[in-house]
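Nothing in this text is a laboratory measurement; each read-out follows from the coordinates by a stated rule. Everything quoted here is computed from the prediction, not taken from an experiment. When we count neighbours, we look across all protein chains shown, and the Cβ atoms used for this are built from the backbone with ideal geometry, even at glycine.
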Amino acid sequence: MTEQGREPRARFGVAEVTGPSMVPTLVHGDQLLVDYRASLRVGDVAVLRHPLQQDLLIVKRLAERRDGGWWVLGDNPGADGDSRVFGVVPPELLLGRVRSRFRPLSEDQRSVTGVVSWLVSAVRPVGPDRSLSRRLRAR
């Protein structure tokens, strides 16, 4: 994958989630491992430039390939800020595929039980949602 016609310097990078659009998969404050050279498929979670404000990076799920680019959706149907608002995203605005997320320890997880629970779930792979395209066709 290229950014403005150039190969990224590093294969992997880190991004941080802000906002509720990807709940329950990702929550505000999650740290993401982004693979800038991965191939992208329907169902993948990707980091991309916002089509209307290209200095803003956003995280969305690739719902389907359409003429002119990708239809992207947040996992939280109640949140806006996806292709339902700005339409198809040109492929050159897609930067990389999210491989995993790291959820930092929160203030309310200071008990022994909270820390153990955090240790078990802090790092998780972020895989494609293979059922997404079937759900979209069924509506």
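Axis angle, to the nearest 10 degrees, between helix 112-121 and the longest C-alpha principal axis of the chain: 30 degrees. Directionally averaged projected area (region 12-138, Cα convex hull): 8.4 nm².
Projecting the Cα atoms of Leu73, Gly127, Val116 onto the charge dipole of region 12-138 (Cβ charges, centred on the Cα centre) puts Gly127 farthest toward the positive pole.
The mean sequence distance of close C-alpha pairs (under 8 Å, at least 6 residues apart), as a share of the length of region 12-138, puts its relative contact order at 27 percent. A cut-off of 5 Å between modelled amide H atoms, ignoring neighbours fewer than 5 places along the same chain, links Val72 with Ala63, Ser83, Val89.
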